[in-house]
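To keep things clear, I will list the structure first and then write my remarks on it.
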Amino acid sequence: MTYRVAHLTGNIKSYGGIGGTRCWTFVGNAVLYNPNRLVNRSLDDTGGVTQVPHDAAIFGSQLRRSLPICSRWTNMLPLESLIDGPLSNDKCTNKPSAPAWSVITQGVTTSGISYETASASLARFAFVHDSRFTFDLFNLHPMPGGEPTEDYALRSFIFGQQVSPRRTNSPILPPLVVGDLNAFVRTPWLTSWGYQEVDTADPAEVIAALHSVTPMPGIAYPRYSMTPSRSATLGPLPCGQPDWTTSFSDHCGLRVDYEPSGVIIH
């Protein structure tokens, strides 16, 4: 099976290298999907919204382009043809832009550490067999210790994408939330959502898959309900560099399977 890349949005970070040099990394959220089952509709209801570059120093919710594929290290797959979105010239010319709604956060953790991070991204999909209706998949990764700072922004992001002007038709599924949620999974407005926690080697990591099981005020009811049935993390990065542990999570990715749990009657 060959997956497509819906987006890879994030922000640039740096840390100290050897001899006083700076090492630069791009840290963000990616979503891959099976094109035999899903159609990427992330640009629905974005008319008139200005896209921002992949490395823009802008915080909050924004329609952000993905990191362009400029310097390849391998050629095992024709990646340029597997990335969604119109072409852009952010860093190199004529590369797929894969834009997506994203949240870039600037804050201070509970221990007093200032940070900037890619907290969330959104991929909107329709099923291949019925493109009339869409659903939203939110990929969340709040900063550990930054949950109090990010609570309102992430809640507003998820709820705001369910109403006009960001959504103009009824969703076929409730919002699906996946990612490394850390302590965010215990926020009051999420505790009523059903979730499946994934075991990881690091007990501080909380990888979870959620689905809304309670109606949201002012938001159209979805046509079907879903529950996460199976999930797993892809293994740790083969970094071999002690400094990298401060820049990367302890997992490369998260796979989640959802199954229908019945028709919602309303």
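Taking the criterion of being surrounded by 16 or more Cβ atoms within 10 Å (Cβ to Cβ) and not hydroxyl-bearing (Ser, Thr, Tyr), the residues of segment 128-141 that qualify are PHE133, PHE135, ASP136, LEU137, PHE138, ASN139, LEU140, HIS141.
Inside segment 99-117, residues that are among the small types (Gly, Ala, Ser) and under 22 Å from SER66 (Cα atoms) make up a count of 2. Within segment 84-115, the set of residues being part of a strand (DSSP E or B) and among the β-branched types (Val, Ile, Thr) comprises VAL103, ILE104, THR105, VAL108.
Taking the conditions (1) buried (at least 22 other Cβ atoms within 10 Å of the Cβ); (2) not in a strand (DSSP E or B) in turn, PRO144 satisfies each one other than (1).
Taking into account only those residues within segment 18-42 that are touching a strand residue (DSSP E or B) at 6+ places or on another chain (Cβ under 7 Å) and in a loop (DSSP other than H, G, I, E, B), which is surrounded by the most Cβ atoms within 10 Å (Cβ to Cβ)? Quick ask: steps written out before the conclusion?
Of segment 18-42, the ones touching a strand residue (DSSP E or B) at 6+ places or on another chain (Cβ under 7 Å) are 22-33, 35, 37-42.
Add one more test, that the residue is in a loop (DSSP other than H, G, I, E, B), and what stays is 35, 37, 41-42.
On the way: PRO35: 15, ARG37: 10, ARG41: 17, SER42: 24.
Restricting to residues being touching a strand residue (DSSP E or B) at 6+ places or on another chain (Cβ under 7 Å) and in a loop (DSSP other than H, G, I, E, B), the top hit is SER42.
For segment 132-141, taking the residues that are in a strand (DSSP E or B) and either out of contact with any Lys or Arg (no Cβ under 8 Å at 6 or more places or on another chain) or free of Cβ contacts under 8 Å to residues at least 40 places away in the same chain (or both), the one that is nearest to TYR224 (Cα to Cα) is identified as ARG132.
From SER111, SER170, which residue is surrounded by fewer than 20 Cβ atoms within 10 Å (Cβ to Cβ) and out of contact with any strand residue (DSSP E or B) (no Cβ under 7 Å at 6 or more places or on another chain)?
On the way: SER170 fails: out of contact with any strand residue (DSSP E or B) (no Cβ under 7 Å at 6 or more places or on another chain).
It is SER111.
Kindly evaluate VAL52 against the criterion of being modelled with pLDDT of 95 or more, among the β-branched types (Val, Ile, Thr) and farther than 26 Å from PRO142 by Cα. For VAL52, the condition - modelled with pLDDT of 95 or more, among the β-branched types (Val, Ile, Thr) and farther than 26 Å from PRO142 by Cα - is not met.
Answer yes or no as to whether SER119 is under 19 Å from THR187 (Cα atoms), surrounded by fewer than 20 Cβ atoms within 10 Å (Cβ to Cβ) and of a type in the set (Gly, Ala, Ser). Steps first, answer last, please.
On the way: under 19 Å from THR187 (Cα atoms): yes; surrounded by fewer than 20 Cβ atoms within 10 Å (Cβ to Cβ): no; of a type in the set (Gly, Ala, Ser): yes.
No.
May I ask you to verify whether PHE125 is buried (at least 22 other Cβ atoms within 10 Å of the Cβ), under 24 Å from PRO222 (Cβ atoms) and within 12 Å of the chain's Cα centre (by Cα)? Give the steps one after another, and end with the answer.
On the way: buried (at least 22 other Cβ atoms within 10 Å of the Cβ): yes; under 24 Å from PRO222 (Cβ atoms): yes; within 12 Å of the chain's Cα centre (by Cα): no.
So PHE125 fails the test.
Just the residues that are in a helix (DSSP H, G or I) and among the acidic types (Asp, Glu), please, taken from segment 150-186. GLU150, ASP151, listed by residue number.
Taking the numbered list (1) part of a loop (DSSP other than H, G, I, E, B); (2) small (Gly, Ala, Ser); (3) within 23 Å of THR25 (Cβ to Cβ) in turn, ALA123 passes all entries but (1). Of the candidates SER71, SER81, the single residue that is not basic (Lys, Arg) and not in a loop (DSSP other than H, G, I, E, B) is SER81. All conditions but one from (1) surrounded by fewer than 20 Cβ atoms within 10 Å (Cβ to Cβ); (2) more than 25 Å from GLN162 (Cβ to Cβ); (3) among the charged types (D, E, K, R); (4) in contact (Cβ under 8 Å) with a residue 12 or more places away in the chain apply to ASP45; the one that does not is (2). Within segment 48-58, being surrounded by 15 or more Cβ atoms within 10 Å (Cβ to Cβ) and either in contact with a helix residue (DSSP H, G or I) (Cβ under 9 Å, 6 or more places away or on another chain) or among the polar types (S, T, N, Q) (or both) holds for one residue alone: GLN51. Scanning segment 84-122 for residues that are more than 30 Å from ARG223 (Cβ to Cβ) and polar (S, T, N, Q) gives SER88, ASN89, THR93, ASN94, SER97, THR105, GLN106, THR109, THR110, SER111, SER114, THR117.
The values are calculated or read from the model by the stated rules, or taken from the named source; none is laboratory data. None of the values given here were measured: they were computed from a predicted structure. No Cβ is skipped: glycine too gets one built from the backbone with ideal geometry, and neighbour counts run over all protein chains shown.
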